[in-house]
Amino acid sequence: MSSTPSADVERISELARVHGVRIAVVESLTSGGLAHTIGAGEEASTWFAGGIVAYLTDVKQNLLKMTPGVDPCSAECAQQLAGGGLALFNADVCVATTGVGGPDTEGGHEPGTVYLGWATGDGVGHLRLQLEGDPDTVLTATIAAACRLVRVRTEELGRSEQSE
């Protein structure tokens, strides 16, 4: 079942307000596009803690506690960025984007290689995507996938709150 970013953001907004969930994002690949999309949610000023755009390795290491030597296009990087953002924003859910938008290969990674990291109080994880298309298409698809991931993690927090 596929959803649109706007439908995901509508659901994120509803769940965050009902359950008091704080959302944050960290972006390397999407250059603020994810924060722009999430921040358009209803009453975002009550649940969207914020976002960080971090391209340079030293910023990722100093601000978000990424371990030196970690491949910037990897599952490990995505997870560390999400964990760093979770702590930085005192959030309940943080999703991070990193990868190669294209059109050229970078660091041995093909264009369209994307990692989405997520972090909650219960742990961290990642999704790997291999997207096709020009850089704009890759970025648009990454933002859509990241919105779905935020929605899924927010729904999980809402369900766990209801079961307590």
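Here, each number is a calculation from the coordinates, and none is a lab measurement. For clarity, every value in this text was computed on a predicted model and none was experimentally measured. Because the Cβ atoms are built from the backbone with ideal geometry, glycine has one as well, and the counts that use them run over all protein chains shown.
One compactness figure for segment 57-105 is 1.16, namely its Cα radius of gyration divided by 2.2 N^0.38 Å.
For A7 and Y55 in one chain, what is 0.36 nm times their gap in residues minus the Cα-Cα distance, to one decimal in nm? Could you put the intermediate results ahead of the total?
Details: separation 48, 0.36 × 48 = 17.28 nm, distance 2.84 nm.
So the chain would gain 14.4 nm between A7 and Y55.
Between R17 and D122, how high is the FRET efficiency from 1/(1 + (r/R0)^6) when r is the Cβ-Cβ distance and R₀ = 22 Å? Nearest 0.05. Working shown, then result.
Details: r = 21 Å, r/R0 = 0.96.
E(calc), rounded to 0.05, equals 0.55.
Taking Lys and Arg as +1 and Asp and Glu as -1, the other residues whose beta-carbon sits under 11 Å from that of I52 total 0.
Summing charges over neighbours of C94, with a neighbour being any other residue whose Cβ is under 12 Å away from its Cβ, gives 0 when K and R count +1 and D and E count -1. When each of the peptides 19-26, 32-39 is scored by the mean number of other C-beta atoms lying within 10 Å of its residues, the order from highest to lowest reads 19-26, 32-39. Size estimate for the chain follows the Kirkwood approach: the inverse of mean 1/r over distinct Cα pairs works out to 15.4 Å. Between E106 and N62, the distance separating the two model label sites (each 7 Å from Cα on the Cα→Cβ line) works out to 2.0 nm.
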